[in-house]
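Structure, as structure tokens:
Readers should treat all values here as calculations from the given coordinates under stated rules, not as data from a laboratory. Only a predicted model underlies this, so the values are computations on that prediction, with no experimental measurement involved.
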Amino acid sequence: MTPTYESRHIGVRIDRPAGVVYDYAADPTNLPSWASGLSTSVELVDGTWTAASPMGPITFVFAARNEFGVLDHDVTLPTGEVFHNPLRVIANGGGSEVVFTLLRQPEVSDADFERDAATITSDLQTLKRILEG
């Protein structure tokens, strides 16, 4: 049986309707504008989303569009490793909450886990600034 991983839920409130936030965040072409931890450029190559990232070239696949605000995505690193990243847009009154669940992978140091959490926090704050701007 595979052990469970330490997790941290990182969220931000955004003063925009959940549907608007979902539509923006679900569009892979918007990723470079707000998710610097994932990508600096994005393109669709032979039906696969590819991105230039701080880790090197990656590919990613989002969950199919849905009415529940689920934006989970699998990221394949240059090494071939695949990481599942839970991401949700939740209605919160007239606005929304965006929550990313950071799962600590085996052998990730405390410093690296904190750095990953800080990057995700920064990315979500950027998403908030863009959508509330």
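Converting phi to 3J(HN,Hα) with the Karplus coefficients 6.51, -1.76 and 1.60 and the offset θ = phi - 60°, the stretch 71-87 yields 10, 3, 8, 9, 10, 9, 7, x, 6, x, 5, 10, 10, 8, 10, x, 9 Hz in sequence order, with x at every glycine or proline. When the Gaussian network model of the chain links Cα atoms closer than 10 Å, the mean-square fluctuations of 38, 77, 87 top out at 77.
The calculated P(r) of the chain, using every Cα pair and 5 Å bins from 0, goes 2, 10, 19, 24, 21, 14, 8, 2, 0, 0 in percent. Read phi for every residue in the stretch 31-40 and hand back ³J(HN,Hα) as whole Hz from Karplus 6.51 cos²θ - 1.76 cosθ + 1.60, θ = phi - 60°, with x for Gly and Pro. My calculation for the stretch 31-40 gives 3, x, 6, 9, 10, 4, x, 9, 8, 10 Hz in order. Computed from backbone phi, the HN-Hα couplings of the stretch 92-99 come to 9, x, x, x, 8, 10, 10, 10 Hz, rounded to whole numbers (Karplus: 6.51 cos²θ - 1.76 cosθ + 1.60, θ = phi - 60°; Gly and Pro given as x). Overall shape: oblate for the stretch 46-109, with the ratio a/c of the largest to smallest alpha carbon gyration tensor axis at 1.5 or above and b/c at least equal to a/b. Calculated [222 nm] ellipticity per residue, helices only, for the chain: -8500 deg cm²/dmol; basis is -39500 (n - 2.57) per DSSP H run with n ≥ 4, divided by all residues, nearest 500. Normalised by the number of residues in the chain, the mean separation of alpha-carbon contacts (under 8 Å, six or more apart) gives a relative contact order of 32 percent.
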